[in-house]
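What follows is a short report on a single structure.
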Amino acid sequence: MSFTVAIVGRPNVGKSTLFNRLVGKKLALVDDTPGVTRDRRPGDAKLVDLKFRIIDTAGLEQSAPDSLQGRMWAQTEQAIDEADLSLFVIDAKAGLTPADETLAEMLRRRGKPVIVVANKSEARGSDGGFYDAFTLGLGEPCPISAEHGQGMLDLRDAIVDALGEDRAFPPAEDVAETDVDIRPTGAGEDEEAEPAYDETKPLRVAIVGRPNAGKSTLINRFLGEDRLLTGPEAGITRDSISVEWDWRGRTIKMFDTAGMRRKAKVQEKLEKLSVADALRAIRFAETVVIVFDATIPFEKQDLQIVDLVLREGRAAVLAFNKWDLVENWQTVLADLREKTERLLPQARGIRAVPISGHTGYGLDRLMQAIIETDKVWNRRISTARLNRWLESQQVQHPPPAVSGRRLKLKYMTQVKARPPGFMISCTRPEAVPESYTRYLINGLRNDFDMPGVPIRVHFRASDNPYESKARKRR
């Protein structure tokens, strides 16, 4: 992208609505409640013929530096320092407030280009707030409606005037370099055979878990900076924020998500939106790290989150965080391994790593477990090997007889990866008992070394070549 723009302003003036309008997607959570946005969220924006990087930020709330609002504002200041231009959003309907004047003074001291954006200008009675914005001394305000898309052409012209055409429109060769599509392959390519695992492709990883399990702290430790808002308060993260970094030469795109409580406890609309955003991150990711609090592991909600991830078909890795608070490491570790095997039979062999997001203990082992699990998740097995295996399994444990008739398993092939899915041609597929399906899945997991990933096995009746002739005789 040619330049970076930060959206700043006090709470509930429409910053996230403008962000969604510019990126063309509903990435940021939007609600009437003030202070929804807490972390700074980056995105790729397009405004007519302008392409740039944009950052959504938390609203200005004057508080002590060590308070939650103070830490939120520190994140906003980092975004302003990182950006080339700030869009200072005010509420034209409500008019100026002392918080707006304070923020204007702070932006003026920064010495960077600023555009005053008078949002909600379509509302009746907004003219007074628009003309009041001239008193801020930051130039002519730009009236828009982020919700309805009005005034976007004027905003485009204001950005070009503030930065200059040379900066707003980079040379053609620079545009070509920045517009290369480096997104990972989509779901439509999942069924193509992959003879070898690609060690260089970008990897999408989602971090999920209960509130206050240490998810944001873990990502900050990976990045080596305070990129995400953290603190002792539970439920700080609301949006699913993505960050990119390199691990041993490989691009990792990691998603921080909101903590997921039990469904019965989620009553507020905002928390429902946060959980829905976390679920979308799980579906978009390839590997999901479920963060457990090692001091109180295996709560019922932890097990439900693991089950949810596996039902979505994602590769799963367990991370027992806060390991620096655990005493008697070996005893606790043996107990965790026993509980993992007993309480998660649907993910037999799932990789579990003790870590500490606070000290950095175990993070290399966690990343190695993520890579190894992703390899298994992408694995493909030849049809010849599968049919030899199916024959041996039937010799060891023949399919049961249902209603006096023996089931016959004739042919097996892998129809997809990500997660591994298999099709078995047989007689009366609807009669195959669940116990025999589990027997086959466990055999696949053990004999082909596929621990900890969901495995799908489907049964299908073979085509009868004489069926059409029998119909004709009738």
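Every number in this text was worked out from the coordinates using simple rules, so none of it is lab data. Note that this is a predicted model, so its numbers are computed, not measured. Neighbour counts run over all protein chains shown; Cβ positions are idealised from the backbone, glycine included.
Think of the chain as having a plus end and a minus end, set by charges on the Cβ of Lys, Arg, Asp and Glu; of Gly125, Ile296, Ser242, Ile296 sits farthest toward the positive end of this dipole. Put +1 on the Cβ of every Lys and Arg and -1 on every Asp and Glu Cβ in the chain; which of Cys142, Leu310, Leu22 then has its Cα farthest towards the positive end of the dipole? So the residue we want is Leu310. Taking a straight Cα-Cα cut-off under 18 Å and skipping sequence neighbours fewer than 8 places away in the same chain, the aspartates and glutamates within cross-link reach of Lys416 are Glu189, Asp190, Glu191, Glu192, Glu194, Asp198, Glu286, Glu312, Asp374, Asp449.
When both bridge partners sit in the stretch 187-377, DSSP labels roughly 30% of those beta bridges antiparallel.
Evaluated with a Cβ-only charge set (Lys, Arg +1; Asp, Glu -1), the chain carries a dipole of roughly 3540 debye about its Cα centre, given to the nearest 20. How much of the DSSP beta bridge set in the stretch 383-467 is antiparallel, as a percent to the nearest 5? Of the beta bridges lying entirely in the stretch 383-467, close to 55 percent run antiparallel. When each of Cys426, Cys142 is scored by the number of other beta-carbon atoms lying within 10 Å, the sequence from fewest to most is Cys426, Cys142. Close amide H contacts of Ile381 (hydrogens built in the peptide plane, cut-off under 5 Å, sequence separation of 5 or more or a different chain): none are found.
Would you work out the relative contact order for the chain, in percent, from Cα pairs under 8 angstrom that are 6 or more residues apart?
It rounds to 11 percent for the chain.
Beta bridges from DSSP with both residues in the chain: antiparallel share about 35 percent, rounded to the nearest 5.
Residues whose amide H comes within less than 5 Å of that of Val457, counting only those at least five positions distant or on another chain, are Phe422 (H built at 1.01 Å from N in the peptide plane). A rounded overall shape is assigned to the stretch 187-377, the ratio a/c of its alpha-carbon gyration tensor axes (a ≥ b ≥ c) being less than 1.5. For the stretch 191-249, trypsin sites (Lys or Arg not before Pro) are listed when DSSP marks them as loop and at most 10 other Cβ atoms sit within 10 Å of their Cβ; the list is Arg248. With neighbours defined as other Cβ atoms within 10 Å of a residue's Cβ, the residues Phe284, Phe292 order from fewest to most as Phe284, Phe292. Going by neighbour counts of Cβ atoms within 10 Å, the residues His358, His397 line up, fewest first, as His397, His358. The alpha carbon centroids of the stretch 91-107 and the stretch 349-384 are separated by 49 Å.
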